[in-house]
1. Identify all residues within the range 589-611 that are open to solvent by 30 Å² or more (accessible area, probe 1.4 Å) and either within 17 Å of residue 483 (Cβ to Cβ) or polar (S, T, N, Q) (or both); write none if there are none.
2. Do you know which residues across the range 635-676 are exposed (fewer than 15 other Cβ atoms within 10 Å of the Cβ) and in contact with a strand residue (DSSP E or B) (Cβ under 6 Å, 6 or more places away or on another chain)?
3. Looking at the range 358-401, which of the residues that are in a loop (DSSP other than H, G, I, E, B), closer than 27 Å to residue 242 by Cα and open to solvent by 60 Å² or more (accessible area, probe 1.4 Å) is modelled with the highest pLDDT?
4. Is it fair to say residue 140 is over 31 Å from the mean Cα position of the chain (by Cα), assigned to a loop (DSSP other than H, G, I, E, B) and not polar (S, T, N, Q)?
5. Among 632, 618, which is the only one that is over 21 Å from the mean Cα position of the chain (by Cα) and open to solvent by 60 Å² or more (accessible area, probe 1.4 Å)?
6. Open to solvent by less than 40 Å² (accessible area, probe 1.4 Å) and within 28 Å of residue 31 (Cβ to Cβ) - does that describe any residue in the range 683-695?
7. Going by what's in this entry, would residue 631 be described as outside any loop (DSSP other than H, G, I, E, B) and small (Gly, Ala, Ser)?
8. Scan (1) of a type in the set (Gly, Ala, Ser); (2) assigned to a strand (DSSP E or B); (3) modelled with pLDDT under 90; (4) under 21 Å from residue 662 (Cα atoms) for the single condition residue 145 breaks and write down its number.
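The values are calculated or read from the model by the stated rules, or taken from the named source; none is laboratory data. On a predicted model such as this, the values are computed, not experimentally measured, just so you know. Every residue, glycine as well, gets a Cβ built from its backbone with ideal geometry; the counts of neighbours run over all protein chains shown. Note: areas computed on protein heavy atoms with side chains; ligands, DNA, RNA excluded. Shrake-Rupley method; radii C 1.70, N 1.55, O 1.52, S 1.80 Å.
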Amino acid sequence: MAFQTALSGLTISSAFLNVIGNNVANSNTVGFKSSAAIFSDMFSSNLNGSSIQVGMGANTATVAQHFNQGSSTATNNPLDMMIAGKGFFGVMTGVGADPSNPQTSAQMAYTRNGQFQINRDGYVVNSGGYLQGYGVDDNGNVLSGATKAIQITSNQTMIPARATGASTQNNAGLNMALNLPADAPVISQGTKNVYINSLVLDRNSPPPAPPAAAYQMRVSDPLGNFHTLYVGLQPNATDTNGWDVFTSIDDPNLPTTPNDSLKFNAPPSPASTSPTSVTSATEAQKISFKIAPISQAYDNTTFNFNLNFPAAQQIIPGGSGSANTGSISGDDNSALHTSVSIYGNTLSTTNQSFNGSFLDPNGQVHNLTVNLTYTPPTQSGPGTWSGDYSVIDPATGNVELGPTTIPAFLAGNKSPLSLVALPTINGGTVDTTLDLDVNGLSNMATGQQTATMLVRNNPPVTLTDAKTFTKSNPETVYDSQGNAQLLTLYYIKVGTNTWEVQTSLNGKPPVTQPGFITFGADGKMTKVGVNSVPVPGTNNASTNPSFYFTAPSPADGASTLSFNVNLSGTIQYGSQFAVLNENQDGFAAGTITGVSVGSDGTIQGNYSNGQTRNVGQIVLYSFVNEQGLASIGNNLWTATYASNAAIGPGIAGTATLGTIKSNAIEASNVDVTQELVAMITAQRSYQANAETIKTEDQLLQTITNLR
């Protein structure tokens, strides 16, 4: 029996050495967890009830894994990651783990080996398989739900350009905090122009009558003092195309006698010729020409030009013609067409030519050519349009109708009116007159629209003359194509505690609409806005510290620049001009230059334009009984009945899960010194058990020699 007992001792000592050897061999394996052999004794059954029992040796009960944390080793690879605390990375492994070629033999495995890299298809992998996590949408928002292999896709390798002001952030646009010097001298030449834009004067529903004012706005005199200008507009009692203008300074009650008047030509809608006949190869063809309502302005906006014909006469299916900003088009199947019309918006100020085709009732094709000629406005009257149209046989090129003259129609208004002189100041008269520019007003009973009121307190600054402004600073902003544009802001102290902000894009003259800032006695902002704000006081700096900037489209063909200029934090103290803070939300297109990983597993792409965007998020898993996991080699474990199913996926740093540390790996938790000591113990145990066998052999040999 001693032989059997000693033999079991040799067996477990050998198993002990095997476990120790495996630990030592993996002392440099990243994420490896050491094991320990656990032994138990053996006894034979005692059938005679004797209390004397002699053991039968020992056996290996189990080999237990130790999941204590390994030490951290720093690396230079951001995709080298270690889990600080509990949890496992999930990887898809086996044949068909590649998401582009899935197979049923692929399985989920778990690892603490965080040595990851990006393969040729953009997937994040290690030697064990494809790292699992959450994907993101086109804006970088994490899509929680079903996990998948994390991939940096082709559309994530570049971020498209974003214009300044185009983000959905609360502070979208240009944000600046400044110190404007309180001791700067006033630069003021007084308000020169007041503009009224985009207003339809409806005689059937006019603005309030005097002494009430329809509009009011801030203006300044040459001494830098601010005043309120009140404006009223009323139909002239005797002239159906005339309007009276009432103005006052600092008096909300308008005078009963008008200060000036507006004179429109006859309403431009409708103006048409009588139907004219033409004989074609098929039958008589009638066509009329109408000018539908067009605003009395000339601001270079687009307009529409449509063909309409009697029943059964149709535009050629799919056929249309265009030139400049207008087009000829029509409904291929309509039976209600009766005329050719220009309608809707404002004509541009260049000559126009249009071409289109249509069918008569017998299917004969006819071409229509319309020519419009623009005459600019003069001091005595608005601009006009005139022209002609012709119907042409496309087969022969012969003119079937025309050229037929189109009666002239309006394209604009009077030149600016002299509005009102500023009042007496400090005992002397300030020799200044405000001009009211009424371009954009229309005299049509089509419903009163809200006017845009603009006022310029100072003329545009001279960019090369520092005496016309107090301070300036350049800012880089971006258009819709991601091109950098130079926006220069000019600050002019126009009165005590009051500044005007003029803006110039790429060295061009400042835009018409300036901003303004006012300060309190403590040097803090009290109001911010544009000078189109009717009355000072409506733009409280604590609730809306910004004004809106807009400029024509850049020369590169991008969209019009328009965004908020937020001046929150701007102060006026007795020190030098300074830009305290600045940022804007636009950027050029950028390509990915690298990635970084956050403690919650969020993978961010770093782009050449300085932007970052989420490209995925790593998830972690945990187990009720980690020691129940089955090791399948390659530093991987799988779930078993003993470990129970994985708990997860979960976000690193939540619940019991540890956090993820990038640029680091978790070293093996094997303590080599401890293992060497254990190896000596195992060696001595093996030698002792061998000695037991040797002694038992000697005893048997002695008994054998007794004969």
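1. Hits for the range 589-611 are 589, 591, 593, 596, 599, 604, 606, 608, 609, 610, 611.
2. 640, 656
3. The extreme case among them is 376.
4. no
5. The unique qualifying residue is 632.
6. Within the range 683-695 (the criterion being open to solvent by less than 40 Å² (accessible area, probe 1.4 Å) and within 28 Å of residue 31 (Cβ to Cβ)), the answer is no, since none of the residues qualifies.
7. So residue 631 passes the test.
8. The single condition residue 145 does not satisfy is (4).
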